[in-house]
Structure formats: C-alpha cells, structure tokens
Amino acid sequence: MKRTALSTAGRIWPNATAALLALGFAFPVYWMFSTAFKPTRDIITEDPVWFPFHGTVEHFATAVNAPHFWALAGNSAVVTVLAVGLSLVIALCGAFALTRMRFKGRRGILLTFMVAQMAPWEVMVISIYLIVRDADLLNSLVPLTCFYTLMVLPFTLLTLRGYVAAVPRELEESAMVDGCSRRQAFRKVVFPLLAPGLMATSLFGFITAWNEFPLVLVLNKEPDAGTLPLWLSQFQSQFGDDWGATMAAASLFAVPILVLFLFLQRKAVGGLTSGAVKG
C-alpha cells in the first residue's frame with residue numbers, strides 16, 4: 001500500500017508540473033486570440049475581461065482590409081513554400097548520398113553542416129545585404145527564397161540523414177537484386193518510408209521561413225515587397241495603435257502554422273525522434 005501511494009505521488013508531481021507549463025505556454029496564445037475577438041471597450045478597460053466576453057470580428061475585418069495585407073500574405077506563402085520545397089529536395093539527395101555512399105570528405109561535409117546549423121544568421125545580415133545590393137536584387141523575392149533555403153537546409157539534411165540511416169540497406173539491395181536500379185530502389189522502397197521525416201523537417205522549415213524577420217527587414221523595404229512578419233511589425237490603423245486589429249493580424253499570421261502543426265503533429269514527432277537517435 002505504501003509503495004502504491006509513493007508511486008501515485010511520483011506520477012502526480014510530474015503531471016502537475018507539465019500541466020502548469022502547458023498553461024503557461026498556452027496563455028499568451030489564448031490572450032492573443034481572445035483579444036482579437038474582444039470589442040475595443042473590453043481591450044482598453046483597466047479591469048481585464050478574461051471570459052466570457054461579447055465576441056466581434058470587426059478587428060479581423062480591419063486587419064484583412066489594411067493596405068498590402070493580401071500582397072504580403074502571398075509573398076510569405078510563395079517564399080515559404082519554395083524555400084521548404086527546395087531544402088527538402090536538396091537535403092534528401094544529400095542525406096542519401098552521405099548515408100549510403102562512401103567518399104572522401106564525407107565527414108568534412110557533415111561537420112560543415114553542423115557548424116552552419118550553429119551559426120547565427122543575424123551576424124551575416126550586413127554581408128548578405130551587400131551581396132544582394134550589388135546584384136541589384138533588393139526588394140525581390142529571389143534572394144529571400146535562396147537565403148531561407150540555406151537557413152533551413154542544415155537542419156533538414158542532418159535530420160533526414162538520421163532517418164535515411166534507419167532504413168535497412170537490405171531493402172534496397174533486395175530491390176536491386178529484383179532488377180531495380182539504385183534510383184528506382186530509392187524511389188520505390190526508401191522514399192515511401194521517409195514520410196515522417198519529410199513531414200518533421202518540412203514543419204520546421206515552414207516555421208523558420210514563415211516567421212523570419214531580420215533579413216526581410218533589411219532586404220525588402222518596399223511596401224509590396226516584404227512578408228507578413230514585416231507588415232505585422234509596422235501595422236497601425238489610421239488612429240494609431242489598434243490593439244484589437246493588431247492581435248487579429250497576429251492571429252491570422254499564426255493560423256497557418258497551427259493548422260499545419262495539428263495536421264502533421266504525429267508524423268512530425270516521430271520523424272524528429274527517429275532523426276535524432278539513429279544514424
């Protein structure tokens with residue numbers, strides 16, 4: 001009986017701590033969404049209105065009708081999708097080569113990607129700006145797409161390498177014995193098994209590219225050339241700071257990430273775990 005009580009108490013404290021941490025992380029998200037739906041009088045009052053409150057969608061209408069919202073939303077979508085797609089293609093080819101092939105300099109390439117993953121991109125903003133300026137590509141989506149791809153690529157390659165290593169070589173060898181070439185064995189046998197890893201890395205890449213702010217702040221200053229993070233940082237109504245519309249805009253900005261995470265969460269967790277412990 002005593003041992004059972006101790007084991008029960010041992011489960012309660014970790015669960016209670018996890019619940020408190022979850023509430024702490026969830027509260028800012030709740031406050032953002034709830035403020036977006038609150039009438040202005042409930043936002044600026046001295047006594048916070050927690051719940052319930054009379055909801056309204058006027059702040060969302062203000063946000064989506066603000067200048068340049070839809071243009072910058074399109075820019076963000078194009079840059080993010082292209083960056084994630086390019087990084088997945090390059091990283092998948094590189095991960096397969098680094099895992100399945102033996103060649104001189106393989107360890108040096110891995111070390112280079114690890115160092116690139118640790119290096120903060122902010123310290124290179126000035127150099128990137130000079131390169132883009134000299135190439136006459138300021139206020140263009142092309143350099144953003146290229147640099148976002150480079151930002152996501154190290155993590156994507158290292159994670160996919162671990163997941164490719166988890167696929168037994170014997171599966172490829174059996175397919176090749178049955179008449180498949182190496183390319184066909186990869187496409188028909190290995191690639192279908194990499195879905196969790198691809199989802200995990202695509203989720204990370206999407207979040208990184210979608211949220212990136214310092215680079216677009218430096219490179220794309222024209223009103224229609226930026227992305228949503230830049231627009232959100234400069235968002236104001238004609239009357240100054242409109243916190244309801246600002247929270248509505250922030251909620252709209254967060255919705256694609258939340259939807260993608262909810263859609264991919266099980267596959268993503270499995271992919272990240274396999275990529276971290278294998279290979």
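The values are calculated or read from the model by the stated rules, or taken from the named source; none is laboratory data. Just so you know, these numbers come straight off a predicted model, no measurement behind them. Heads up, the Cβs are rebuilt from the backbone with ideal geometry, glycines too, and the neighbour counts pull from every protein chain shown. Just so you know, the surface numbers come from the protein's heavy atoms only, side chains and all, with ligands and any DNA or RNA stripped out. Shrake-Rupley method; radii C 1.70, N 1.55, O 1.52, S 1.80 Å.
Counting residues in region 39-102 as N, plug N into 2.2 N^0.38 Å and put the Cα Rg over that result.
2.12
Work from the charge dipole of the chain (Cβ charges, +1 for Lys and Arg, -1 for Asp and Glu, about the Cα centre) and give the residue of Gly55, Ile207, Leu153 farthest towards its positive end.
Leu153
Ordered by packing density, taken as the mean number of other Cβ atoms within 10 Å over each peptide's residues, highest first, how do 165-171, 188-194, 41-47 rank?
Order by mean packing, descending: 188-194, 165-171, 41-47.
Which of the three applies to the chain, rounded, prolate or oblate, going by the alpha-carbon gyration tensor with a ≥ b ≥ c and a/c under 1.5 meaning rounded?
Oblate is the answer for the chain, as a/c is 1.5 or above yet b/c matches or exceeds a/b.
If contacts are Cα pairs under 8 angstrom and at least 6 residues apart, what is the relative contact order of the chain in percent?
Here the relative contact order equals 31 percent.
Excluding residues on the same chain fewer than 8 positions from Lys188, give the aspartates and glutamates whose Cα lies under 20 Å from its Cα.
Glu170, Glu172, Glu173, Asp178
When the distances between all Cα atoms of region 158-239 are binned every 5 Å from zero, what whole-number percent does each bin get?
3, 13, 16, 12, 10, 9, 7, 8, 8, 7, 5, 2, 1, 1, 0
With a cut-off of 8 Å between alpha carbons and a minimum separation of six or more residues, what is the relative contact order of region 14-128 in percent?
Rounded, it is 13 percent for region 14-128.
Over region 10-79, what is the mean sequence separation of C-alpha contacts under 8 Å (at least six apart), divided by residue count, expressed as relative contact order in percent?
Reported as a whole number, the value is 22 percent.
Carbon and sulfur together cover what percent of the accessible area of region 70-220 at a 1.4 Å probe radius?
Within region 70-220, the accessible surface is 70 percent carbon and sulfur.
Calculated from DSSP H runs of 4 or more alone, at -39500 (n - 2.57) each and per residue, what is the 222 nm mean residue ellipticity of the chain, nearest 500?
It comes out at -24000 deg cm²/dmol, rounded to the nearest 500.
If the only charges are +1 at each Lys and Arg Cβ and -1 at each Asp and Glu Cβ, what is the size of the charge dipole of region 90-242 around the Cα centre, to the nearest 20 debye?
1120 debye
Could you provide, to the nearest whole Å², the per residue accessible area of region 150-245 with probe 1.4 Å?
For region 150-245, the solvent-accessible area averages 48 Å² per residue.
How big is the dipole moment of the chain about its Cα centre under a simple scheme where the beta carbon of each Lys and Arg is +1, that of each Asp and Glu is -1, and everything else is neutral? Debye, nearest 20, please.
Dipole about the Cα centre, nearest 20: 1840 debye.
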